[in-house]
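Here is the structure we will look at.
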Amino acid sequence: MNEDSTMTPTPTTDPKAQGKATASLVLGIISLALAWFGYSAIAGFVCAVIGTVLGNTAKRAGVPYKAGFVCSIVGIVLNSICFVSCVLCVAAIGTAAALY
Amino acid sequence: MKSLAITPYSLLIISGWLVGVLISLRKPRPISRYDGFYCLVMMMVGAMAGGKLFYLAINIKAVIAEFQTAEFAAALKTVLSGGFVLYGGFAGGIAAILLVCRTNSLDPSVTLDFLSPSFAISIGIGRIGCLLAGCCYGRIISETGMRFPTQICESIFCIMLCVFLLLRKRNQFRLFLLLYSVFRFIIEFFRGDSQRGSLWLFSTSQWISLAILIALAATAIAPRKRP
């Protein structure tokens, strides 16, 4: 038996929980879009984190959560890569400017 | 459209995290696959926030001076470009995991023990990113200008620590804290990068290592006093 299945709560039709699952999906998609424009990755990162937390809340309430949760996690990873790269580029330019 | 550069540093940090996630899929596991994965996702978020906040806290004077002299947008860019502090990231990551344990009704000690090898491997691979980025380097040890390879030493140590923790059955988190703190205290003597805080004899990281060791000793002694 799959061990995760024991953790799955009873499915519910709570509109609040469904709203959270939808919000998670929307925020996940927004975060994916914001990853590619330099410092907008910070906003994308925040959206992705909120999306992931909302996805987890929806999961605990027993509504379908996977689409939003996965989008948000991909958003966290992409925005992290882009943000840290962006930060380092500025740092490298600053160091180069200081050297010359 | 402006091109986006992806640096090896960020790729290796994410790779380290991904290897940590893969290690958390091992069996037997005391927490579900979903909970382990969610903990590690939140750990990364907490680590990024904590690492940056700690960096800002250490360099608070420079940050205030930057905002007083430069324009807000330019100052913000400079401040954000500073970097991350590992111990700050570690504290942020642990705080995030404890928060997840609270929301998802998990046992914190079991969760931290189970995820400890993932922490070690994440640091180990992340340090290779430091090597490629040219940060966290060692002091000059020869007349030819050769530096002590602190990043490589820390990386090898953390990978070995991960293997050691995987072989252990219990108290992995305490062992991780103990061994990493001792190692970090020693390796700090060989660090040569100037952009780090220090107080009296030791660097900030050495003081934190000492604090962790004292806290570990206190928690090890404390249960014996109970009736």
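Only the coordinates and a few stated rules stand behind these numbers; no lab work does. All values derive from a computational prediction rather than experimental measurement. Neighbour counts are summed over all protein chains in view; Cβ atoms, including those assigned to glycine, are modelled from backbone coordinates with ideal geometry.
Figures for the structure shown
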{"quantity": "Options B:L98, B:L86; residue that is away from chain A (no Cβ under 12 Å) and without any contact (Cβ under 8 Å) to a residue 24 or more places away in the chain", "calculated": "B:L98"}
{"quantity": "Among residues of region B:113-151, those that are among the hydroxyl-bearing types (S, T, Y) and surrounded by fewer than 21 Cβ atoms within 10 Å (Cβ to Cβ), counted", "calculated": "3"}
{"quantity": "Where B:S122 falls short, out of the listed (1) touching a helix residue (DSSP H, G or I) at 6+ places or on another chain (Cβ under 7 Å); (2) under 23 Å from A:L54 (Cα atoms); (3) assigned to a helix (DSSP H, G or I)", "calculated": "(2)"}
{"quantity": "First in region A:67-78 and surrounded by 22 or more Cβ atoms within 10 Å (Cβ to Cβ), second anywhere and among the basic types (K, R) and in a helix (DSSP H, G or I), Cβ under 8 Å, 6 or more apart", "calculated": "A:F69/A:K59"}
{"quantity": "Hey, B:L115 in a helix (DSSP H, G or I), touching a helix residue (DSSP H, G or I) at 6+ places or on another chain (Cβ under 9 Å), under 19 Å from B:P28 (Cα atoms) and of a type in the set (A, V, I, L, M) or not", "calculated": "yes"}
